[in-house]
Structures are given as structure tokens and as C-alpha cells.
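The structure appears right after this line, and notes come after that.
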Amino acid sequence: MLLLIDTDPGVDDALAILMAHAHAEVLGLTIAAGNVGLAQTTANALKLVEVIGADTPVFPGCAAPLVHAPVADAAFIHGRDGFGDVGWPPATRKAENEHASLAMLRLTREHPHAITLVCIGPLTNLAVALKLDPRLPQRVARLVIMGGAVTGRGNYESVPVEFNIGFDPEAACVVFEAFPQFDLVDWEATTRHGIDHALLGQWFERGDERARFFEAISGHARAANLARGRAGLMAADALAMAVALQPELVTRAETRHVAVEMAGRLTRGATVVDWNGMLGRPANARIVMEADRARFEAMVAAALGGPG
Ligand code: RIB
Ligand code: CA
């Protein structure tokens, strides 16, 4: 499986990227601003690739959303530097000079119908790529998006809004309207598949340097999850990556038309699902509702160097 990952590392992004490298071939990481600023998400991606010992190219993308400035970042969860503020020395490797959106176009031309594109951050880079080449969806084998809150239980600044979509609603609208079909792993599915903290602790004990790195960078996020009374570590991007790597891991899904609200006073950035087919528009999203937890956990454990 060939993966191209658009990401805003970010702690759960890091876990997803560890999983990707453990279970597939990663053509590149295209970097978005989101959890923290682009310079930091890019530095985090370079550091992670160094820890993994891979030569995966890192392509910085857009530093800001398409139209409006973001309402907030997610440093309160991920730490000011996006990796738990543990102060790792920066990677020696440098990012590529090619823009993320151009890398998306080039790599899908070099590998037509072969790439699984996994988007686990705000969708700005993909939206720009689509404006440069509207034929992009025809070259992508499969698109998996972490984003949204399909019944309005969000995690961002407004009640029904999830971070990745709410950070750049216009970009999400461009993407949702351009791709005829994509898998959607939303925040609500994430909350149903939290990773038990005690189990995570066992993986840390039995894992290798990847486990030690993730344990260090996830301390701030794990504490923030506990402080919010969440049942385990909410690893949204890791769940989306598991769905990308093992589609058969999905045990229940609903295919519906999903759109993005861009103007609502209380709902800007909300993902609006046409559950009852009222709009008569094609169903563009396969909404993941349930996944095989044991398989998900085994993939995470393996990515940290321990047995499942
Ligand atoms: O809502 C969860 C998403 O927002 C994840 O991608 C996380 O990394 C943050 O970016
Ligand atoms: Ca992310």
C-alpha cells in the first residue's frame, strides 16, 4: 500500500505516522498548519521521520487557511510545540523545497490510481491542489479523512465543530465537493475508540525507541485527555490511519452526503450529514461508525515496537 499523508503533527498525527511506517510504504508527508504553526508542524514531521529512521520526504504546505484566519490552534492539547514541549533537539534533515500541494499533484501523476491519500489535519493543502488540478481525484486510489462530527458533538470552538474542519471550513468544502467518494473518520467515532491509558502504559513498557519517543511527546496530551475525563487517549489520526491501512477493520459504516457549513453563527465548520437523503445529492462519504478495536490496538502496539 502506497500512502501519502497530509498532516499537522501533533501527537495523534505522530502515532498515525508511526503506524503508517510500520505497516505500509509512505511516499511523503505533506504538512499543514493546524495543531500548531507550520514551522513547528514541519519541524515535528522531520523529527519524527528521523526517530523512525526513514527517508520519507517532508513537504511544507500552506501556513494559513484559505480565507479566514483560524479561530484557535490545538496547543492546549498537543503542547506549544505540538510535541508535548519536551524540548527534543531538532532533526538534522531539512524539508523539501517543493510545496505540499505541488507534491500531491506530482506524486499522484507519478503513481496514478495507486496512492491512498490520508488527510489527518486541516485540508488547506489538498484544497489548493484541487484548485491547481481539478482532475486530482481521478488519480487518487482512495481518500481517507479524519474530520468532522457527524451528529454535532465536536471538539473545537463551536459546539458542532471538529478541529480539522473548523480550522479551514472553506478548504473542507472544496475537498468534500471535489471527491465523489471518501472515508470519513470523525471525532465522535474517535471518542468511541479511545485508547485505554493502562494499555498504552503496557505498550510503552514493552516497546522500543518509538514507544519511548511517543510516551515523551504524548504526556501533555494524555494529561489533557485525563483532565477532560475522556475514556482513554483520543487518537483521532491513529484511528483514521488504521482505517486507511486495514479497510476491513471497519465493522459498521454509513454512506451519506456530507457537506460543510461555512456561514452559521454557531455552526461555521460543522459537517452536515444528509441522513435521510433529503437533498437528493450523491453520497460522498463513507462514515466510519464502528471499528474492530482489537485490530486497531494491535496496529498501534506494533507501531510502538511491542506485541499486539
Ligand atoms: O479533531 C482531531 C484532529 O484535530 C486531529 O487530527 C488532531 O491532530 C487535531 O489536528
Ligand atoms: Ca492532526
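Laboratory data are not the source of any read-out in this text; all were calculated from the coordinates shown. What you see is a predicted model, and the numbers here were worked out from it, not measured in a lab. FYI the Cβ positions are ideal-geometry reconstructions off the backbone, even for glycines, and counts take in every protein chain you see.
Observations, loosely collected:
- Charge sum, other residues only, whose C-beta stays under 12 Å from GLY154's C-beta, Lys/Arg counted +1 and Asp/Glu -1: -3
- Of the residues GLU248, GLU297, the one with the fewest other Cβ atoms within 10 Å heads the list, and the complete ranking is GLU248, GLU297.
- Local charge for ALA91 was computed over the other residues whose Cβ lies under 9 Å away, with Lys and Arg +1 and Asp and Glu -1, and equals +2.
- DSSP bridge orientation in the chain - percent antiparallel, rounded to nearest 5: 30
- Mean residue ellipticity (222 nm) of the chain, computed from DSSP H runs ≥ 4 via -39,500 (n - 2.57), nearest 500: -12000 deg cm²/dmol
- At q = 0.07, 0.10, 0.15, 0.16 Å⁻¹ the log10 of I(q)/I(0) for the chain amounts to -0.22, -0.47, -1.16, -1.36, computed by Debye summation with a single uniform scatterer per C-alpha, solvent ignored.
- Exposure proxy ranking, count of Cβ atoms within 10 Å, fewest first, for THR267, THR151, THR42, THR191: THR151, THR191, THR267, THR42
- Whether region 24-124 is rounded, prolate or oblate, judged on the alpha carbon gyration tensor where a/c under 1.5 counts as rounded: oblate
- Residues ASP208 and HIS68, FRET efficiency given R0 of 45 Å [Cβ-Cβ distance, rounded to 0.05]: 0.60
- Exposed loop sites are taken as trypsin sites (Lys or Arg not before Pro) in a DSSP loop (any state but H, G, I, E or B) with at most 11 other beta carbon atoms within 10 Å; the longest stretch of the chain without one runs 1-93.
- Local electrostatic count, LEU29, Cβ distance below 10 Å [Lys/Arg +1, Asp/Glu -1]: -3
- Per-residue Cβ neighbour counts within 10 Å put ASP208, ASP81, ASP274 in the sequence ASP208, ASP274, ASP81, beginning with the fewest.
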